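In what follows, a structure is listed as structure tokens, so that the remarks can point back to it.
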Amino acid sequence: MITFEIKLLGNDESFRLKEIKAQTLLQKVWNSEEFKQAILNKTHIETQGRLWWKKEVDVKGFTSTNDTNEQVYACLMSTDHLVIQQQEDDCPDPSTVGYEQDGDPVTYVCKAFTEEMDEYDVANNAAHELCHSLGYHHSSATDYDSVPYFCGNLVEQLAKQADGVSTPNNI
Ligand SMILES: [Zn+2]
């Protein structure tokens, strides 16, 4: 069982509530069978061949990594405690939601965003940054089949599902 600690720095009482909720949601989803199955069964559309032989094929795996689904899942479960902390100051780049540093177990989520985010968004972003700190990347901000984007959105969707909050099917 993997446990997480999310800390949103700031004095605002609503932050306390949000961090506790996000932490509970993330932990519940990350350790669930639904999360495991979604990772193990992940497919994405790949274009194969060229010219008139070109076709789109649904293949197993994620984009932006050569790891198999089994290897991805093993990696996601390879750590038993993670601290996700909001940075106190502003982020270096205003469009950055979060970032992590090599060799630092803490993932940073920028303050400007956490103020606007609800607990599901915080859990989504925490999962996304967590994937980065485990070595997974994405080619762009629309690389939704990459490990960070898929896991983040999956956490949000499963958390809302568990809470009975309706959500558009966006993953
Ligand atoms: Zn990212």
Quiz item: Could you give the dipole magnitude of the range 1-81 about its Cα centre, charging the beta-carbon of Lys and Arg +1 and that of Asp and Glu -1, in debye to the nearest 20?
Solution: 260
Practice problem: Provide the FRET efficiency to the nearest 0.05 for the residue 20-residue 51 pair, computing r from the beta carbons and using R0 = 45 Å. | Solution: 0.20
Quiz item: Once you charge only the Cβ atoms, +1 for Lys and Arg and -1 for Asp and Glu, what is the size of the charge dipole of the chain about its Cα centre, to the nearest 20 debye?
Solution: 740
Quiz item: Hey, got the dipole for the range 111-171? About the Cα centre, +1 on K and R Cβ, -1 on D and E Cβ, debye to the nearest 20?
Solution: 140
Quiz item: Got the relative contact order for the chain handy, in percent, Cα pairs under 8 Å and 6 or more residues apart?
Solution: 23
Self-check item: Residues 64, 95, 139 arranged by fewest to most Cβ contacts within 10 Å
Solution: 95, 139, 64
Quiz prompt | Flagged links, alpha-carbon separation over 25 Å, of 60/111; 42/111; 55/160; 7/160 | solution = 60/111; 42/111; 55/160
Quiz item: Taking the Cα centre of the chain as the origin and placing charges on Cβ (Lys, Arg +1; Asp, Glu -1), which of 105, 26, 51 is farthest toward the positive end of the dipole?
Solution: 51
Quiz item: Can you sort 32, 133 so the residue with the fewest Cβ neighbours within 10 Å comes first?
Solution: 32, 133
Practice problem: Could you line up 16, 50 from fewest to most neighbouring Cβ atoms inside 10 Å? | Solution: 50, 16
Quiz item: Expressed as a whole number of Å, what is the distance separating the alpha-carbon centroids of the range 96-171 and the range 26-64?
Solution: 18
Practice problem: Work out, step by step, the length gained on full extension between residue 142 and residue 78: first 0.36 nm times the residue separation, then minus their alpha carbon distance; give nm to one decimal. | Solution: 20.4 nm
Exercise. Taking a cut-off of 16 Å between Cα atoms, list the aspartates and glutamates near residue 28, but don't count ones fewer than 8 places away on the same chain.
Key: 5, 19, 80, 119, 121, 156, 163
Exercise. For residue 70 paired with residue 28, estimate the spin-label separation in nm (one decimal), with each label point 7 Å from Cα along the Cα-to-Cβ line.
Key: 3.2
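Values quoted throughout were computed directly from the atomic coordinates according to the rules given, and no laboratory measurement underlies them. Bear in mind that the values here come from a model prediction, so they are computed numbers and not experimental data. As a convention, Cβ positions derive from the backbone with ideal geometry for all residues, glycine included, and neighbour counts pool all protein chains shown.
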